[in-house]
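What follows is a short report on a single structure.
The values are calculated or read from the model by the stated rules, or taken from the named source; none is laboratory data. On a predicted model such as this, the values are computed, not experimentally measured, just so you know. For neighbour counting, all protein chains shown are included, and Cβ atoms are generated from backbone atoms with ideal geometry for every residue, glycine included.
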Amino acid sequence: MMTKLVQLELPEEAVQYVSSRDERDVFARNAMLLYPFIRNETISHGRAAQILGVSKIELIEFYSGMGISYFDLTEDELDEDVRALNKLGSAV
């Protein structure tokens, strides 16, 4: 994976937390930098995974471990989807 150096303007107190060169810390930082773009649908989980050099499943599992669900449904939307699936299943 090719990399490029960028500068970020951060509060001074934050620098110690984002300066780590540990591979896991770097991955976590980069994954979290990409997450807002997944959330607003600028990029997909699959594209973010490609950028980070991991599989889509690995990225989804990372976000899940951070408490970020892959599925972005409210409970009402999920209930509606279940009702629709049940209706389709009974029509067969």
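Give the residue that is surrounded by the most Cβ atoms within 10 Å (Cβ to Cβ), with candidates limited to residues of region 67-78 that are modelled with pLDDT of 85 or more and not hydroxyl-bearing (Ser, Thr, Tyr). Write out each step before concluding.
Kept after step one, since they are modelled with pLDDT of 85 or more, are these residues of region 67-78: 67-70, 76.
Subset that is not hydroxyl-bearing (Ser, Thr, Tyr): 67-68, 76.
Values: Gly67: 6, Ile68: 15, Asp76: 8.
Result: Ile68.
Scanning region 34-57 for residues that are part of a helix (DSSP H, G or I) and surrounded by fewer than 14 Cβ atoms within 10 Å (Cβ to Cβ) yields a total of 4. For region 1-33, a residue qualifies if it is of a type in the set (A, V, I, L, M) and outside any helix (DSSP H, G or I), and the qualifying residues are Met1, Met2, Leu5, Val6, Leu8, Leu10. Scan (1) of a type outside the set (Phe, Trp, Tyr); (2) modelled with pLDDT of 90 or more; (3) surrounded by 10 or more Cβ atoms within 10 Å (Cβ to Cβ); (4) over 21 Å from the mean Cα position of the chain (by Cα) for the single condition Asp81 breaks and write down its number. Against the list (1) of a type outside the set (Phe, Trp, Tyr); (2) modelled with pLDDT of 90 or more; (3) surrounded by 10 or more Cβ atoms within 10 Å (Cβ to Cβ); (4) over 21 Å from the mean Cα position of the chain (by Cα), Asp81 comes up short only on (2).
Applying a threshold of 7 Å to beta carbon distances and a minimum spacing of six or more residues, or different chains, the list of pairs starting in region 1-16 at a residue that is over 27 Å from Ser55 (Cα atoms) and ending at one that is outside any loop (DSSP other than H, G, I, E, B) reads Leu10/Val18. A count restricted to region 58-73 and to residues that are within 19 Å of Arg29 (Cβ to Cβ) and in a loop (DSSP other than H, G, I, E, B) stands at 3.
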